[in-house]
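S.K.: Here you go, one structure.
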Amino acid sequence: MLLSRLRRLSLFASLICGACTSAFAADVNDEMIDHLISQMTIEEKVGQLTMASADSQFDWPALARGEIGSVLNYATPYAAADVLSRAKSRLGIPLLVALDVIHGYRTIFPVPLADAASFDPDVTYRSARISAEEARSVGIALTFAPMVDLARDPRWGRMVEGSGEDPTLASIFSAARVRGFRDGGLGTTVKHFAGYGAAEAGRDYNSVEMSEAQLRDLYLPSYHAAIDAGAEMVMTAFVAVGGIPATANQHLLRDILRRDWGFDGVVVSDLHAIREMLYHGTVRDEHEAMLQAFRAGVDIDMDDGIYQKYLPEAVRTGEIAMSAVDQSVRRVLQLKARLGLFRQQPIDPAAADAKLLSPGARQAARELARKTFVLLQNQSSTLPISPSVKKIAVIGGLAASRPDQHGPDAADGHNLDAITLVEGLQARYKGKAEVAYAEACEMHCHRIEGFDAAIELARQSDYIVLALGEPRDMTGEAGSRADLRLPGHQTELVELLAKLGKPIALVLFNGRALALEDVPSHVGAILIAWYPGSEGGNALADVLSGDVSPSGKLPVSFPKTTGQVPITYNHLPTGRPAMANDFFTSKYVDTQIGPLYAFGFGMSYSDFKLGLPKLANDRVGPDDVLTFSIDVTNTGDMAADEVIQLYTHQQIGMRSRPVRELKAFQRVALKPGETKQVTLKLPVQDLSYTDQDGSRILEAGTFDFWVGDSSEATDGGQFVVTDGRHVMAVK
């Protein structure tokens, strides 16, 4: 009966959908999925557990036979439409097309680290939603995002894809990004599970060693938040955690992800991660790698072909139970049903392409980018550019590089669509001031032949906008750096221009914290632009000109020198805290104590006066909610945003607790002279941490708190938690 119904639905779908890849014109329920599984051969089942990448070796006959269930890297509307049209499985099971839509599809938004600098989760929600709407319109159904890996060592290049060093900030932004993608119609993949950002020495793909408590307190919360927000898929990490590759780590995938968190979605390996287990030295051959990955809970093999090669025979010999394969196939088909793929209509790539990069999307990219810029220094009111300036020299290859506006992982972003810093300033100052450009050196600044021309242009100008930093090919995956200073001869260029005595605004394009110790004394202002996206040049012109005040805050501490890293604000205390006048304390002998710029720091063109923070009740129980309030006044002469941040510290615990932890924050917009009261709420249970047995425990005792505009806030007080409890007992 059910098979007959499926056939009728398939016939109906073929009549109304034409070339539609779906065999169904109605929603597919679990009963129908189970019956569909019963009709599949073992090769077709394994096909649903196989994801293939676009390349010259792509097995098109296998796709037609239904032995490839999903694909990646078909990035353009035409490529996505082509592969969808050629997927004709025997049972009409639709193909899942996935892509790294990280911070935009055709309209490119600021990179995720920049989003986090806004301290406004609506920024990342809106960018993710528009990105999803664009990608879904061309047939892409799932993104390999958000990347939620905590990055506490800026040498790691993939810091650019996440939300920085703090678990609270990362959790809030991870959840917002999932909701944005989902509301835009795109499935999401939480990656990389787990602890990938803790690769030793910040060197990508390196091993990870940490305690269970550190894993659960610092690195897991952002994954959990994304899953709670509704993420459908989890991707394993390349790294080994505690000597066990994450792709075969049953503690991560079965104990924590499935058992503790109740995740019932799909687990996919990272690209070639199953085969790469051979290099970890934990398997003898590909067959054993397949067994370990599948038994650990990896449902989909991403582009290794190892499941195709070995899993059918393993089922026939009894090494893998058919019921286990069916369970994984069921998860994949349920995902396809939830994403509406069984009802998917054919895509007209030309029509879809024409609707991308709409004026509304561009305007959103410009508005959101403005919230992400962080003003680190502004001596003598170097910024905004004075209206009296008549000639502006824009210097540096990054000022005119379209790809470096987009940054890494720009999906189907077209370089010609990007507005550069030079173009943005020329448009803003048309008819008001001359904006002239000199490259000085190419983006990496290996050559200095252009220095003389740039210096001469600067000499003839009233004002210098200097665009330096990291080209996008120095960040992202495999973009780890041993030296966090400005690359090439960039610092030398700064020093030469400084001798002219002209006002200099340094605009930095970067995807991580940089070591800038030698730079601030040579320039009047420093503005972090990150990689601002398609409208980056216009957004930067809005801020540099003073049309909009910068309002971003650092989501990661900036060190003075590379040798300080990792340097994080929420470190554990030591028996000999760093003291400048005491030699035998935890510090370096060749640099000053602390970061150059602290987590949460960022300046404005306006000034703010913060009142003393108030706490509604300073004695609370485990089920209570703490309520903090503070008055914020804009004492400057232009409208601007401030970000109020709440930090806590548990004075005494069974384990040492971080010296400070961000617990809440709120962005507030204020007109000149306006005062608003900001209220921050903190559930007492959020003060819990992981005990040595893996359970969550909330301890009674005294806590310090601070409310202010950065992690170095000084105003605060204390409160008492009157009794504690186990928030979550170990299973």
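Where a number appears in this text, it was derived from the coordinates with a stated rule and is not lab data. Since the structure is predicted, the reported quantities are computational estimates derived from the model, not experimental observations. Note: ideal-geometry Cβ built from the backbone for every residue, glycine included; neighbour counts use all protein chains shown.
S.K.: So for region 42-351, if I pair up every lysine 8 or more residues apart or on another chain, how many of those pairs have alpha-carbons under 21 Å apart?
M.R.: On the way: 45/88; 45/309; 45/336; 88/336; 191/336.
Lysine pairs meeting the criterion: 5.
S.K.: Pop the C-beta distance of residue 693 and residue 651 into the FRET formula with R0 = 30 Å and round what comes out to the nearest 0.05.
M.R.: About 0.85, to the nearest 0.05.
S.K.: Order 580-588, 331-339 from most to least packed using the mean count of other Cβ atoms within 10 Å.
M.R.: The packing order, highest mean first, is 331-339, 580-588.
S.K.: Then there's this: Once the Cβ-Cβ distance between residue 367 and residue 446 is put in as r, and R0 is 35 Å, what FRET efficiency do you end up with, to the nearest 0.05?
M.R.: Approximately 0.45, to the nearest 0.05.
S.K.: Could you order the peptides 271-278, 381-388, 500-507, 176-183 from most to least packed, using the average number of other C-beta atoms within 10 Å per residue?
M.R.: Ranking the peptides 271-278, 381-388, 500-507, 176-183 by packing returns 176-183, 271-278, 500-507, 381-388.
S.K.: Taking 26 Å as the cut-off for C-alpha to C-alpha distance, list the pairs among 499/609; 390/560; 499/560; 390/553; 553/671; 371/502 that go past it.
M.R.: 499/609; 390/560; 390/553; 371/502
S.K.: Answer rounded, prolate or oblate for region 42-351, using the Cα gyration tensor with square roots of eigenvalues a ≥ b ≥ c: rounded when a/c is under 1.5, else prolate when a/b is larger than b/c, else oblate.
M.R.: oblate
S.K.: Considering Cα pairs under 8 angstrom that are at least six residues apart, work out the relative contact order of region 42-351 and quote it in whole percent. Write down the numbers at each step before the final one.
M.R.: Numbers: 655 pairs, mean separation 56.5, N = 310.
Here the relative contact order equals 18 percent.
S.K.: Given the peptides 429-442, 312-325, arrange them by the average over their residues of other C-beta atoms within 10 Å, most packed first.
M.R.: 429-442, 312-325
S.K.: Which of the DSSP-defined H helices in the chain satisfy a minimum axial length of 27 Å, computed from C-alpha atoms, and a minimum mean Kyte-Doolittle hydropathy of -1.0?
M.R.: Qualifying helices: none.
S.K.: Using Cβ counts within 10 Å as a stand-in for footprinting exposure, how do 166, 353 rank, fewest first? Walk me through the intermediate numbers first.
M.R.: On the way: 166 28, 353 17.
By the 10 Å Cβ count, ascending: 353, 166.
S.K.: If you don't mind, there's one more thing I want to ask. For the pair residue 618/residue 214, report the inter-label distance in nm, with labels modelled 7 Å from Cα in the Cβ direction.
M.R.: 3.6 nm
S.K.: Let me ask another. For the chain, give me the percentage of DSSP beta bridges that are antiparallel, rounded to the nearest 5 percent.
M.R.: 55 percent
S.K.: Taking 0.36 nm per residue of sequence separation and subtracting the Cα-Cα distance, how much length would be gained by fully extending the chain between residue 580 and residue 723, in nm to one decimal?
M.R.: Full extension from residue 580 to residue 723 adds 47.7 nm.
S.K.: How much length is gained if the chain between residue 287 and residue 389 is pulled fully straight, taking 0.36 nm per residue apart and subtracting their Cα-Cα distance, in nm to one decimal?
M.R.: Value of the extension gain: 29.8 nm.
S.K.: Another question, then. First check a/c for region 366-564, with a ≥ b ≥ c the square roots of the eigenvalues of its C-alpha gyration tensor; if it is under 1.5, answer rounded, and if not, answer prolate when a/b is larger than b/c or oblate otherwise.
M.R.: Because its axes are fairly even, with a/c under 1.5, region 366-564 counts as rounded.
S.K.: Pull out the extension gain between residue 627 and residue 38, defined as 0.36 nm times the separation in residues minus the alpha carbon to alpha carbon distance; nm, one decimal. Mind showing how you got there, number by number?
M.R.: Numbers: separation 589, 0.36 × 589 = 212.04 nm, distance 5.56 nm.
Residue separation times 0.36 nm, minus the Cα-Cα distance, leaves 206.5 nm.
S.K.: Under the rule of at least 5 residues apart or a separate chain, name every residue whose amide H is placed under 5 Å from the amide H of residue 109.
M.R.: 104, 534
S.K.: Modelled label-to-label distance, residue 589 and residue 58, 7 Å Cα→beta-carbon offset: nm?
M.R.: For the pair residue 589/residue 58, the computed spacing is 6.0 nm.
S.K.: Taking 7 Å along the Cα-to-C-beta vector as the label spot, tell me the residue 609-residue 671 distance in nanometres, rounded to one decimal.
M.R.: Inter-label distance under the simple model: 1.9 nm.
S.K.: Among 127, 710, 56, 461, which comes first, second and so on when ranked by fewest other beta-carbon atoms within 10 Å?
M.R.: Going from least to most buried by this count: 56, 710, 461, 127.
S.K.: How do 706, 60 rank when sorted from fewest to most other Cβ atoms within 10 Å of their own Cβ?
M.R.: If I rank by nearby Cβ atoms, fewest first, I get 60, 706.
S.K.: Something else: FRET efficiency for residue 206 and residue 183, Cβ-Cβ distance as r, R0 = 35 Å, nearest 0.05?
M.R.: About 0.45, to the nearest 0.05.
S.K.: Continuing with the same structure: Given the -39500 (n - 2.57) contribution per DSSP H run of 4+ residues, what per-residue ellipticity at 222 nm results for the chain, rounded to the nearest 500 deg cm²/dmol?
M.R.: For the chain, the value works out to -8000 deg cm²/dmol.
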